[in-house]
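The values are calculated or read from the model by the stated rules, or taken from the named source; none is laboratory data. This is a predicted model, so every value here is computed, not measured. Here the Cβ positions follow ideal geometry from the backbone for every residue, glycine too, while neighbour counts run over all protein chains shown. Remember, those area values only see protein heavy atoms, side chains included, never the ligands or the DNA or RNA. Shrake-Rupley method; radii C 1.70, N 1.55, O 1.52, S 1.80 Å.
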Amino acid sequence: MMSQLNPPAARRRRRKPLIAASGPARNVTDILLIILGSFITALTFNMFLLPNRIASGGVSGLSILGEDLFGLEPAYTQWGMNIPLFIAGVLLLGKKYGLRSLLGSIMLPLFVYVTKDWAVPTTNPLLASLYGGIGVGLGLGTVFRGRGSTGGLAILAQIIQKYTGFSLSLCVMLMDGTVITLAGFALSPERALYALIGLFVTGKVIDAVEMGLSYSKVAYIISNQKETITQAILQDLDRGLTELAGRGGYTNEERPVLMVVVGQNEVTRLKTLVRLVDPEAFVIISNTREVLGEGFKKES
């Protein structure tokens with residue numbers, strides 16, 4: 001049995017999202033995010049990855065190999081490889097998604113070409129891999145927030161995500177890992193190791209951009225003063241909570257479990273409330289990476 005308890009005050013305060021989940025305003029926001037993310041990714045590629053020969057994955061990494069082995073302009077390689085992958089994205093992910101992918105597929109190589117002569121801030125491969133990973137993760141995460149893609153293997157990663165349920169960062173890392181392996185043979189094992197550092201950082205930054213840096217907390221409370229604790233959380237903390245059915249492993253008696261999700265800044269208040277009501281209460285508090293719903297993030 002599971003029951004959901006919501007404070008009346010929360011029901012009265014239902015907020016409308018500032019930007020609708022769909023419609024012209026959201027579409028414009030998506031386009032701007034895709035363009036911005038493409039620019040950040042391209043700039044990072046030209047300032048850190050390309051001059052230091054760090055093929056940290058994707059079509060961008062393959063374009064570095066193309067320039068080294070065949071003297072091909074990276075922007076041209078990226079445009080050429082994006083075409084068949086874009087077609088696959090349209091067929092498997094839908095026309096609406098394909099339009100957003102087309103924008104990223106065009107803008108990223110364009111920005112790579114436009115910014116190819118910008119100054120290189122470092123020739124240290126370790127610094128280049130770190131800052132390159134941060135920049136690519138920030139750029140790709142921004143594009144993904146715009147529900148789009150920069151084309152290339154990013155499309156393939158999102159196709160895999162759709163049909164497997166893997167996290168997007170994991171899918172990107174699998175695709176990029178294949179490119180890094182090739183780079184280890186074509187360039188040098190040392191450059192591949194630097195690329196692995198960049199790949200790891202990229203995955204972490206993508207998650208941070210998509211889900212935010214803050215963690216919420218989920219608390220499970222077992223107490224003989226269930227009703228009093230419930231009212232304290234509803235009224236004093238102004239949070240909803242869920243009652244889960246539990247059973248003691250030793251006594252075999254029914255022991256309701258209260259589950260409540262709070263922000264980081266509310267954890268101390270929650271523990272104080274529970275301690276005041278029942279000093280003997282059993283409380284488990286752990287991190288939860290993402291929460292969608294009233295009082296937390298709105299799903300877009």
Positive-pole candidate from Leu170, Gly248, Ala157, dipole of the chain, charges at beta carbon: Gly248
Mean residue ellipticity (222 nm) of the chain, computed from DSSP H runs ≥ 4 via -39,500 (n - 2.57), nearest 500: -19000 deg cm²/dmol
Length released on extending from Leu193 to Leu69, taking residue separation times 0.36 nm less the Cα-Cα span: 42.7 nm
Semi-axes of the equivalent ellipsoid for the stretch 142-210, Cα gyration tensor, largest first, Å: 23, 13, 10
Accessible-area order (highest first, 1.4 angstrom probe) of the listed residues Phe111, Phe45: Phe111, Phe45
For the chain: span of alpha carbons on each principal axis (Å, largest first): 73, 44, 34
Net lengthening on full extension, Trp118/Ala208 (0.36 nm per residue, minus Cα-Cα): 29.6 nm
Local electrostatic count, Val172, Cβ distance below 12 Å [Lys/Arg +1, Asp/Glu -1]: -2
Förster-model FRET efficiency, 45 Å R0, Asp238 and Ala25, C-beta, rounded to 0.05: 0.90
Most fluctuating residue given options Thr29, Thr272, Thr202, as computed from a GNM of the chain linking Cα atoms under 10 Å: Thr272
Stretch gain in nm, segment Glu227-Leu127, where the contour uses 0.36 nm per residue and the Cα spacing is subtracted: 30.4 nm
Whole-number accessible area per residue in Å² for the chain, which is evaluated in the context of all protein chains at 1.4 Å: 53 Å²
Folded to 0 to 90 degrees: helix 58-70 orientation relative to the chain principal axis, Cα: 20 degrees
Mean Cα-pair separation over length for the chain, i.e. relative contact order, pairs under 8 Å, 6 or more apart, %: 23 percent
Protein-only accessible surface order, largest first, of Leu85, Leu130 at 1.4 Å: Leu130, Leu85
Rounded percent of accessible protein surface that carbon and sulfur make up, the chain, 1.4 Å probe: 62 percent
Nearest 10 degrees, 0 to 90: helix 24-44 Cα axis against the chain principal axis: 60 degrees
Label point distance in nm, Tyr250-Arg269, each placed 7 Å from Cα along Cα→Cβ: 3.5 nm
Magnitude of the charge dipole, the chain, Cβ model with Lys/Arg +1 and Asp/Glu -1, debye to 20: 920 debye
Solvent-accessible area of Arg275 with every protein chain in place, 1.4 Å probe, in Å² to the nearest 10: 140 Å²
Cβ-derived FRET efficiency at R0 35 Å, Leu91 paired with Thr288, nearest 0.05: 0.45
Size of charge dipole - the stretch 48-144 - debye, nearest 20, with Cβ of Lys, Arg +1 and Asp, Glu -1, no other charges: 400 debye
For the stretch 212-290: relative contact order, % (alpha-carbon pairs under 8 angstrom, 6 or more apart): 49 percent
